[in-house]
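K.L.:
Once you've had a glance at the structure underneath, I'll fire off some questions.
What follows is calculated from the coordinates using simple rules that are stated; it is not laboratory data. The model shown is predicted, which means the values in this text are computed figures rather than measured ones. Ideal geometry is used to build each Cβ from the backbone, glycine not excepted, and the neighbour counts take in all protein chains shown.
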Amino acid sequence: MNTLEIRDLCKTYGDFSLDHLNLTLPSGCIMGLIGENGAGKSTTIKLILNMIRRDEGSIRIFGKDNREGLQLAKEDIGVVLDEVGIPECLNTERVGRIMEKAYRNWDWEAYRGYLSRLAVPQTKTFKEFSRGMKMKLGIAIALSHRPKFLLLDEATSGLDPVVRDDVMDLIMEFTRQEDHSVLISSHIVSDLEKICDYIAFIHRGKLLLCEEKDLLKERYGILHCSAEDLQKIPAEAVIGKKISAYGVEALAERDKIPGSAELSPVDIEQLFLFMVKEGN
């Protein structure tokens, strides 16, 4: 079963348009949503949560239209947006007491465990928290009502590398259960490369690709050559290129390159940058 299915999703405001987005997140998987600021990542997540109205298309969560079934599914969805909306006067204990009333499956033991593991101060009020502390509290809340689907929008923003690594470990632990899935957006591509099964690139409201991470690495590679040698490569094999005084660095499809040419492995950030710059 698929946790999330998005078909031909469109949303326009002002001079921005999310243009016929299609995504499928299988149960038990982590999908990373990658894009520059303003690409449409947060808009997509808000549409999934029915926080804003879509213009066209469909969104199904656990097999149900999100406009009809979202309220029923809220117990099973953990959410961390780029701004954690907690009243500034509350400390973590009072936050927990409110969440206990909001979620039938609220787990105090899990909540206190996450607060301790993420070193969230339990005596300070939310007003006194740094941005990183606010995000960590949001993550602890999202995980503590036993959800099956996590939606995380820039959830590692503002966290130092050590804490980001701890959060990535929590997310991977979460998906050890086969019916648990995660959609996470981030501009820190290295974080997503560590944990994601699927990668989706969004650029200016358009989906550039959505594919299994391992297949992307198998399909593409980096070719280092001279400008003259590049002319010998089939044009349809080259996705993007950078030319400098030292030669050419090109992103290419491995199965379209002559056997004599050697390609270096490509990381997800390189792949995204080549595709975005070639599309500009």
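K.L.:
Calculate the translational D of the chain in whole µm² s⁻¹ from Stokes-Einstein, where the hydrodynamic radius comes from the Kirkwood formula applied to all Cα pairs, the temperature is 10 °C and the viscosity 1.306 mPa s. Walk me through the numbers before you get to the answer.
P.N.:
Numbers: Rh = 20.3 Å.
It comes out at roughly 78 µm²/s.
K.L.:
Taking the chain as a Gaussian network, Cα atoms linked when under 10 Å apart, which of His20, His145, His187 shows the biggest mean-square fluctuation?
P.N.:
His20
K.L.:
If you don't mind, another one. I want to verify a result. In a Gaussian network model of the chain, Cα cutoff 10 Å, which of these has the top mean-square fluctuation: His224, His180, His203?
P.N.:
His224
K.L.:
Another one. What number results when the radius of gyration of the stretch 1-111, computed over Cα atoms, is divided by 2.2 N^0.38 Å? Before the final figure, lay out each step's value.
P.N.:
Working: Rg = 16.0 Å, N = 111, 2.2 N^0.38 = 13.2 Å.
That works out to 1.22 for the stretch 1-111.
K.L.:
Enumerate the lysines that Lys64 could reach by cross-link, defined here as Cα to Cα under 19 Å, with residues fewer than 8 away along the same chain left out.
P.N.:
Excluding near neighbours in sequence, the set is Lys46, Lys74, Lys148.
K.L.:
Going by how many other Cβ atoms sit within 10 Å of their own, how do Asp107, Asp15 line up, fewest first?
P.N.:
On the way: Asp107 17, Asp15 5.
Listing Asp107, Asp15 from fewest to most nearby Cβ atoms yields Asp15, Asp107.
K.L.:
I need the peptides 236-247, 84-95 ranked by packing, meaning the mean over residues of other C-beta atoms within 10 angstrom, with the highest value on top. Display every interim value, and only then the final one.
P.N.:
Values: 236-247: 13.2, 84-95: 14.9.
The packing order, highest mean first, is 84-95, 236-247.
K.L.:
In what sequence do Met31, Met1, Met51, Met135 fall when counting other Cβ within 10 Å, fewest first? Let's see the in-between values first.
P.N.:
Values: Met31 24, Met1 10, Met51 13, Met135 28.
Ordered by Cβ neighbours within 10 Å, fewest first: Met1, Met51, Met31, Met135.
K.L.:
Straight-line reach from Lys242: which lysines fall under 24 Å, measuring Cα to Cα and dropping same-chain residues less than 8 apart?
P.N.:
Lys206, Lys213, Lys217, Lys232, Lys256, Lys277
K.L.:
Related question: Per 5 Å bin from zero, what fraction in whole % of the C-alpha pairs of the stretch 179-280 is there, up to the bin with the longest pair?
P.N.:
Per 5 Å bin, starting at 0, the Cα pair percentages come out as 2, 11, 23, 23, 18, 11, 8, 3, 1, 0, 0.
K.L.:
Could you tell me the extents of the stretch 88-175's C-alpha atoms along the three principal axes, largest first, rounded to whole Å?
P.N.:
Projected onto the principal axes, the Cα atoms of the stretch 88-175 cover 31, 30, 21 Å.
K.L.:
Between Leu223, Leu183, Leu137, find the one with the highest GNM mean-square fluctuation for the chain; connect C-alpha pairs within less than 10 Å.
P.N.:
For the chain, modelled as a Gaussian network with Cα springs under 10 Å, the answer is Leu223.
K.L.:
Still on this structure, please answer the following. Please provide three numbers in whole Å: the alpha-carbon extents of the stretch 170-210 along the principal axes, with the largest listed first.
P.N.:
In descending order, the Cα extents are 34, 20, 11 Å.
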